[in-house]
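Okay, so here's the structure we're looking at.
The values are calculated or read from the model by the stated rules, or taken from the named source; none is laboratory data. All values derive from a computational prediction rather than experimental measurement. All accessible areas refer to the heavy atoms of the entire protein, side chains included, with ligands and DNA or RNA removed. Shrake-Rupley method; radii C 1.70, N 1.55, O 1.52, S 1.80 Å.
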Amino acid sequence: MSREPAQFDMIVAGGGLAGRSLAYFLSGHPGLGEMRILLVDDSRHYQHRSIIYWYDGVLPLRLTPSVSYTASYCCDSTTPPPGATPPPLMTGEIRQVRTASESFDPSVATFMDFRSGDGRQPVRLHCLLPVSTREAFVETTRITRGDAPALGWPFGTAAAAYLRNTCGVTDFSTLAVQRGVIPLGLRRQSSRGRHLYVGTASGIIKATTGYGFTRILHQAERVASSFAATGSPSGPDPPRRFHFYDKPVLKMWLHDPDSAVRSPVAPRSAHGTVTGDCSGRRNGDESP
């Protein structure tokens, strides 16, 4: 005997940053107390502790649920629309390292350090976030064309060279490694209707940096608030000025990466440090 599909008010496809944030805001909104929410995810494909949007080579992450569900609305963070190929990809590893002696200043973080680049495609950059005098997170990232992810590139060798040449660290052990791919420059998708794209799949990521933490949280809160107010979810419309800021830099990433690194319009295009409280979030974005 066949069983009728379960009925929900909202299906959230994908249990990463965007999906879980949306489920959190929907379930906690005072105007949506009786809402039935289903979060669908295939956790075999990525690490739940990952701080990167897509883990390893799963781009995009496709869900294959074994049963059918129905809902009034679906918010999808798992895959961009068909044909939505990002011009460049930000591919990288984040390594948690521990040194044999005191090597880092926990009050100083380094973001988007291009000093180790070789001047040839693809662009390479590093970020360093110390959590103590002997432990730090080291990010090694390459920016490549959308059809050429760099997952097979020796990120570990590059990270070791960066620590040696820039930080003077030669004796260290790797405690954990996270890998990921972030698409840059996806065209923004409609945030209205019964099937909404959210998170990275909606093109909300800052195109020239890969940052999106606060953008995703703002989007999730807006979707929940609009659902409570009108009965129909909708996301925020992005400021168009960022499109004009990002477009020339994205072109340079692809066609003239050395100029992109030196360009005055490229955000954080040179080595820079942040002093003080370094407990900030990775994938944060100071702009909405």
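For residue 9 and residue 145, the difference between the fully extended length at 0.36 nm per residue and the C-alpha to C-alpha distance is 45.1 nm.
In this view, the solvent-accessible surface of residue 38, computed with a 1.4 Å probe and all protein chains in place, comes to about 30 Å².
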